[in-house]
Amino acid sequence: MSVYQFSMPTKSGELQSLQTYEGKVLIIVNTASKCGFTHQYEGLEALYKQYKEQGLEIIAVPSNQFGEEEPGSNNEIQSFCKLNYGVTFTVMGKADVRDESALDLFKYMIREQPFQGFPPSDKTEMLTDYLNGIDPNYLKDDEVKWNFTKFVIDRKGNVVGRFEPVVKPMEMETFIKKII
């Protein structure tokens, strides 16, 4: 099994097969426009510009599941990403990425790369305290925990990495360079 067996909704609502990206290195990331991590669009765009000629593709999947931080329509999200961050990588349509309603792709990626905790960072304590305040059991499952969880897919469609929201995109660069 690989990510190529899945589809995702585009900004216009049609389903797009991930087979379109076969042979590419992918970063698939759930995003939001009104999040403390929204500035990560800048780092994602920098990675994309640096490595797209070598086969890197980034696919953003906006989601409103975390603090309702992505309330806009698909058109509003597209405009926000382009105007505020100059995003040129693919931004799909809004979708669920956690729990029963999650896209099958995200359920698969979560099984392949379970939650291993948050690595040390300047935001780890704040995010951990916040999530524990929502639900003391929230950090005990493997689900996506918050906006800007980044999954890395190799050229064969295997999920080979998971980077939590506290990891800045440029902190993934060494990992990306190894598989590109």
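Computed from the coordinates by the stated procedures, all read-outs in this text should not be read as laboratory data. None of these values were measured; they are calculated from a predicted model. Heads up, the Cβs are rebuilt from the backbone with ideal geometry, glycines too, and the neighbour counts pull from every protein chain shown.
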Percent relative contact order for the range 1-91, counting Cα pairs under 8 Å at least six residues apart, stands at 31 percent
Note, PRO62: beta-carbon cut-off 15 Å, +1 each Lys/Arg, -1 each Asp/Glu, net +1
Just to be sure I understand: with springs between alpha-carbon atoms less than 10 Å apart, which residue in VAL144, VAL29, VAL160 has the highest mean-square fluctuation in the Gaussian network model of the chain?
VAL160
Positive-end residue, the chain charge dipole about Cα centroid, Cβ charges, pick of ILE58, CYS81, GLY93
ILE58
Between LYS156 and LYS107, the FRET efficiency computed from the C-beta separation at R0 = 25 Å comes out, to the nearest 0.05, as 0.80
To the nearest 20 debye, what is the magnitude of the charge dipole of the chain about its Cα centre, counting +1 on the Cβ of each Lys and Arg and -1 on the Cβ of each Asp and Glu?
600 debye
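Using the Cα gyration tensor of the range 102-180, with a ≥ b ≥ c the square roots of its eigenvalues, what is the shape: rounded (a/c below 1.5), prolate (a/b larger than b/c) or oblate (neither)? The partial results should precede the final answer.
On the way: a/c = 2.82, a/b = 1.38, b/c = 2.04.
Oblate, because a/c is 1.5 or more while a/b does not exceed b/c.
Any idea what the relative contact order of the chain is, in percent, if you count C-alpha pairs under 8 Å spaced at least 6 apart? Working shown, then result.
Values: 317 pairs, mean separation 54.2, N = 180.
Across the chain, relative contact order equals 30 percent.
Rounded, prolate or oblate: which one fits the range 1-107, using the alpha carbon gyration tensor with axes a ≥ b ≥ c (rounded when a/c is under 1.5, else prolate when a/b beats b/c, else oblate)?
Values: a/c = 1.67, a/b = 1.06, b/c = 1.58.
The shape class here is oblate.
Per the helix-only calculation at 222 nm, which mean residue ellipticity applies to the chain, given -39500 (n - 2.57) for every DSSP H run of n ≥ 4 and division by its residues, nearest 500 deg cm²/dmol?
Details: 5 runs with 51 residues, N = 180.
Helix contribution divided over all residues of the chain: -8500 deg cm²/dmol.
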Taking only the alpha carbons of the chain, what extent do you get along each of the three principal axes, in Å, biggest first?
42, 34, 30
Tell me the net charge near THR128. Cut-off is 13 Å between Cβ atoms, THR128 excluded, with +1 for each Lys or Arg and -1 for each Asp or Glu.
-2
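Please compute the net charge surrounding GLU100, taking Lys and Arg as +1 and Asp and Glu as -1 over other residues with Cβ under 13 Å from its Cβ. Don't skip to the end; give the middle numbers.
Details: positive: ARG98, LYS107; negative: ASP96, ASP99, ASP104, ASP141, GLU143.
Net charge in that neighbourhood comes out at -3.
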